[in-house]
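Working notes for the structure below.
The values are calculated or read from the model by the stated rules, or taken from the named source; none is laboratory data. In this text, all values refer to a predicted model and were calculated from it rather than measured experimentally. Counting neighbours? That spans all protein chains shown, and the Cβs are built from the backbone with ideal geometry, glycine included. These area figures cover heavy atoms from the full protein model, side chains too; ligands, DNA and RNA do not enter into them. Shrake-Rupley method; radii C 1.70, N 1.55, O 1.52, S 1.80 Å.
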Amino acid sequence: MSLPRLVVLISGSGTNLQALIDAVAADRLRATIVLVVSNKKTAYGLQRAAAAGIPTIIFPLKPFKDAGRTRIEYDIDLAQKILDVRPDLVVLAGWMHILSSQFLDRFPNNVMNLHPALPGEFDGAEAIHRAFDAFMEGKIKRTGVMVHKVIADVDRGEVILKEEVPIHEGDRLEDLETRIHVVEHRLIVAGAQKFLDELVA
Ligand SMILES: Nc1nc2c(c(=O)[nH]1)N[C@@H](CN(C=O)c1ccc(C(=O)N[C@@H](CCC(=O)O)C(=O)O)cc1)CN2
Ligand SMILES: NCC(=O)N[C@@H]1O[C@H](COP(=O)([O-])[O-])[C@@H](O)[C@H]1O
């Protein structure tokens, strides 16, 4: 029986992609990563994929904008490139574009996102910084990480896994970022495996 096929979308360093790569190599994630797509040509995650022998596509939005084309057209082209490799699951691992319904309609119930916040808190970009600011204002004592299904409503899809992350007195932002990234690297693997197990159940 062939392994489930993952496509991973990135925009940056790719430490969460690396966690997936390492988990597949160590047989802690029963899947194969068949493609990595980045919207940023400078994303270090592209180097991580290449080092692991994983095909990559660099697909920036700017050429579409420069040609007077829309984000919807971008999303439709992006979806087709991904569909061409027949994924079982698309993982957003630091993918920093909001995906339109025209993209999501092509992937019913098999897009997953990692987000460094708890459900209903700090949706969107810069979640860790915003949580740290809320802590410094005395509003929260903890934040967290979640893996969720992706719907049009940003970061509001069904939660697959979540984990609280404490914020300690005296923490600097980088202390919280480090603590969160450790949880992310574990949760993205566990969340992908749980998602795949539920797909075949
Ligand atoms: N339809 C959905 N698209 C995406 C989701 C989602 O849940 N539904 N998750 C995000 C990831 N993400 C938070 O987890 C997130 C990433 C980026 C943004 C954002 O405001 N992006 C800006 C552009 C930023 C940039 O290009 O530097 C934008 O798209 O205008 C919000 C949330 C991935 N997509
Ligand atoms: N809203 C989505 C979001 O903020 N995603 C965040 O981007 C970073 C990607 O790091 P990486 O490129 O090292 O995996 C991670 O912290 C991830 O939670």
Residues that are without any contact (Cβ under 8 Å) to a residue 40 or more places away in the chain, away from ligand 2 (no atom under 16 Å from the Cβ), hydrophobic (A, V, I, L, M, F, W, C) and assigned to a helix (DSSP H, G or I), drawn from the stretch 40-92: Phe64, Ile72, Ile76, Ala79, Leu83
Restricting to the stretch 19-39, what's the tally of residues that are touching a residue at least 60 places away in the same chain (Cβ under 8 Å) and either of a type in the set (A, V, I, L, M, F, W, C) or closer than 24 Å to Ala125 by Cα (or both)? 5
Just to be sure before I move on: is Gly124 open to solvent by less than 40 Å² (accessible area, probe 1.4 Å), assigned to a loop (DSSP other than H, G, I, E, B) and in contact (Cβ under 8 Å) with a residue 12 or more places away in the chain in the structure I sent? yes
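Going by the conditions given, is Ala23 at pLDDT 95 or above, within 11 Å of ligand 2 (Cβ to nearest atom), closer than 27 Å to Val145 by Cβ and not charged (D, E, K, R)?
Working: at pLDDT 95 or above: yes; within 11 Å of ligand 2 (Cβ to nearest atom): no; closer than 27 Å to Val145 by Cβ: yes; not charged (D, E, K, R): yes.
When the stated conditions are applied, Ala23 does not pass them.
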Filter the stretch 16-36 for residues that are part of a helix (DSSP H, G or I) and among the polar types (S, T, N, Q); which is least open to solvent (accessible area, probe 1.4 Å)? Asn16
For Val145: the one exception among (1) closer than 18 Å to Phe107 by Cβ; (2) touching a residue at least 24 places away in the same chain (Cβ under 8 Å); (3) outside any helix (DSSP H, G or I): (1)
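Let me confirm something: among Ala152, Ala192, which residue is under 15 Å from Leu92 (Cα atoms), within 16 Å of ligand 1 (Cβ to nearest atom), part of a loop (DSSP other than H, G, I, E, B) and aliphatic (A, V, I, L, M)?
Values: Ala192 fails: part of a loop (DSSP other than H, G, I, E, B).
Sole residue among the options that is under 15 Å from Leu92 (Cα atoms), within 16 Å of ligand 1 (Cβ to nearest atom), part of a loop (DSSP other than H, G, I, E, B) and aliphatic (A, V, I, L, M): Ala152.
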Restricting the stretch 127-164 to residues that are touching a His at 6+ places or on another chain (Cβ under 8 Å) and among the acidic types (Asp, Glu), which is most open to solvent (accessible area, probe 1.4 Å)? Glu158
For the stretch 69-118, enumerate the residues that are open to solvent by 10 Å² or more (accessible area, probe 1.4 Å), under 27 Å from Ile167 (Cβ atoms) and either touching a Phe, Trp or Tyr at 6+ places or on another chain (Cβ under 7 Å) or among the aromatic types (Phe, Trp, Tyr) (or both). Trp95
